[in-house]
1. Can you pull a Stokes-Einstein diffusion coefficient for segment 139-178 at 4 °C (1.567 mPa s), Rh from Kirkwood over Cα pairs, as a whole number of µm²/s?
2. Relative to the longest principal axis of the C-alpha atoms of the chain, give the angle of the C-alpha long axis of helix 90-116, reported between 0 and 90° and rounded to the nearest 10°.
3. Suppose R0 equals 41 Å. What FRET efficiency, 1/(1 + (r/R0)^6) with r the Cβ-Cβ distance, do L10 and L162 give to the nearest 0.05?
4. Mind pulling the angle between the C-alpha long axis of helix 10-27 and the longest principal axis of the chain? Nearest 10 degrees, somewhere in 0 to 90.
5. When the helix-only estimate is applied to the chain (DSSP H runs of n ≥ 4, each -39,500 (n - 2.57), divided by the residue count), what is the mean residue ellipticity at 222 nm, nearest 500 deg cm²/dmol?
6. Given springs between every Cα pair under 10 Å in a Gaussian network model of the chain, which of P100, P57, P153 has the largest fluctuation?
7. What angle do you read, to the nearest 10 degrees and between 0 and 90, between the alpha-carbon axis of helix 57-74 and the longest principal axis of the chain?
8. Would you mind finding the longest exposed-site-free stretch of the chain, with exposed trypsin sites (Lys or Arg not before Pro) meaning DSSP loop and at most 12 other Cβ atoms within 10 Å?
Amino acid sequence: MSKTEKQVPLKTVVGLIIFSLIIVLMAFTPAGFLKSGNVEISFLVIPVAIGAILLGPVSGAVLGLVMGVVSFAQCFGGSDIGSALLKDSAVNTFLLCVVPRVVCGWIAGVFYDLISKIDKTGYVPQIAAAIVCPIFNFILSMLGLSLLFGQTPYILNLHISLGVDGFAFPFALGGMNLFYELLASLVFTTGISTVILKLKNRKKGQSENEE
């Protein structure tokens, strides 16, 4: 490998492995989802957002990819909505599961990096990343659902059963999901990432003092 080629730091690789394992573990245990009928609340955005904060936007996108893949795996019997969409189109279901998660992981890291340059309090950047991750996941997922499956019998029947149409439909279908995912992300993403960053900065400060 030439000197001009960038190597991924070992800490980043280890961090990606750890957060990926957490996502997979959460995805296949009750810790990752709260399901009730058409309501399927996912808490997988939390390790994605924390990883984006600690490891950067690219790592956030990679963790979003992991989240998307395990979400797609849930469509094979683990998700009522996912199973219904899978019957219509496996390719579109895969895209719907993966693309929004990759983007939300990346955007969380971008927001954190940008706001960190302005705000030095150590809280606002984490809060921003904790907010934008589930919000972008919701927006892109609902947009993808409309574009890829909007005219399928399953989604048309959901419109009828929920009694709403147009812009009200995404919120009727996923508004409760967004509320709880946003609340959980605000509490856990902000809290956990802040503690880790403080410990990291303290360790860095001790090392500099020893030198």
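1. Working: Rh = 10.1 Å.
Rounded, D is 128 µm²/s.
2. The answer is roughly 40 degrees.
3. Values: r = 49 Å, r/R0 = 1.20.
For L10 and L162, the calculated efficiency is 0.25.
4. 30
5. On the way: 9 runs with 157 residues, N = 211.
Helix-only estimate at 222 nm: -25000 deg cm²/dmol.
6. The residue with the greatest mean-square fluctuation here is P153.
7. It is inclined by approximately 30 degrees.
8. Working: sites that count: K3, K6, K117, K120.
The answer is 7-116.
We did not get these values from a lab; they are worked out from the coordinates using the rules stated. These numbers come from a predicted model, not from an experiment. Cβ coordinates were reconstructed from backbone atoms using ideal geometry, including for glycine residues, and neighbour counts include every protein chain displayed.
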